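Only one structure is covered here, and it is reproduced in the block below.
FYI, it's all coordinate maths here, none of it is from the lab. Just so it is clear, the structure is predicted and the values come from calculations on it, not from any experiment. Note: ideal-geometry Cβ built from the backbone for every residue, glycine included; neighbour counts use all protein chains shown.
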Amino acid sequence: MEIRTVLVVSEVRLDYAPLLEKLSAGSPSLLQAAAWYDQADRQMLLRLAGKPFDRSHRILFDNSMLDANGIYEPSRNTIYLMAGILMKEFCNPASRETLLAGIGQTIGHEISHGFDPNGVQFDKVGEYNPVLTEEDQPKHLERVQRLIDGMSRIELADGVHVDGNHVIHEAAADLLGFRLTLDLAAKTEGFDYDLFFREFAMKYYRSYQNRERALEDYAGNYHPACYVRVNFTVAQQDEFYRTYPAVTEGTAMYYAPADRVCIW
């Protein structure tokens, strides 16, 4: 299956050079930097006013091109990658482990949306045409339900659990995308799994604030809380237990082999 990939870069929308120069010239506060980002995005949208509609423009209303982010659109079978994904922490050439944990896992996640419970309903040209056979469909649904149930057992706070149905598409893409990076890791001689797992964790914990914020995002965010994304995803992988043998039955992150979730 071929998935088209588009890198959304500033040259085709707005020149971000003045903004980057302002940010690097001094030491602005976080609030000031955020205000400059918002101003640049407003200018970008104003420049699009009155111009012929381009379907790729829709991603700009919720995402700055400087975001380290990506979006999969099943109706076009296309991944849009924001230029910010090339930032140092996502695309650091220092090691293959860092590269796979950053930009590698992000791209793997977006590719995997083509195979999440929604993506499998569309064919390679982006038309609604379920790709699973009648024989495979119930097997796939059973695995998806296991992921929903696994997510729903996670307690965010006293009496508040993750809504597995709400986050299923993102959780499925997390799981498969991470598996793709581990498959690449297995082909790398001398791969440092400890470094890889730590870099992956830091990628999401950079955006972690506290559990209260996670609860605020509970209803509106289709992604699991960042620490849930890390802990649940890695705990489904055999490589994680080989790397950290201290994680055994009775420890918080342990899942028995029969309980580990794998959709594909």
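Figures for the structure shown
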{"item": "Footprinting exposure proxy for Asp259, Asp116 (fewest neighbouring C-beta atoms within 10 Å first)", "result": "Asp259, Asp116"}
{"item": "Two-site label geometry, Thr248 and Leu31: point separation in nm, points 7 Å out along Cα→Cβ", "result": "5.2 nm"}
{"item": "Which of Phe191, Phe232 has the fewest Cβ neighbours within 10 Å, and the rest in rising order", "result": "Phe191, Phe232"}
{"item": "Under Karplus coefficients 6.51, -1.76 and 1.60, residue-wise ³J(HN,Hα) of region 168-174 in Hz, glycine/proline x", "result": "4, 5, 6, 5, 5, 5, 4"}
{"item": "Amide hydrogen neighbours beyond the local backbone of His161, cut-off 5 Å, H modeled", "result": "Leu156"}
{"item": "³J(HN,Hα) computed for each position of region 110-126 - Karplus, 6.51 cos²θ - 1.76 cosθ + 1.60, integer Hz, glycine/proline x", "result": "5, 4, 5, 4, x, 10, 7, x, 8, x, 6, 8, 10, 8, 5, 9, x"}
{"item": "Cβ-based exposure ranking for Trp264, Trp36, in which fewest neighbours within 10 Å come first", "result": "Trp264, Trp36"}
{"item": "Vicinal HN-Hα couplings computed from phi for region 235-245 (Karplus, 6.51 cos²θ - 1.76 cosθ + 1.60; Hz; Gly/Pro x)", "result": "6, 8, 9, 4, 4, 5, 6, 5, 6, 10, x"}
{"item": "Sites Ala256 and Val160, calculated FRET efficiency, Cβ-Cβ separation with R0 30 Å, nearest 0.05", "result": "0.75"}
{"item": "Label-point separation, Leu184 to Gln43 (7 Å along Cα→Cβ), nm", "result": "3.4 nm"}
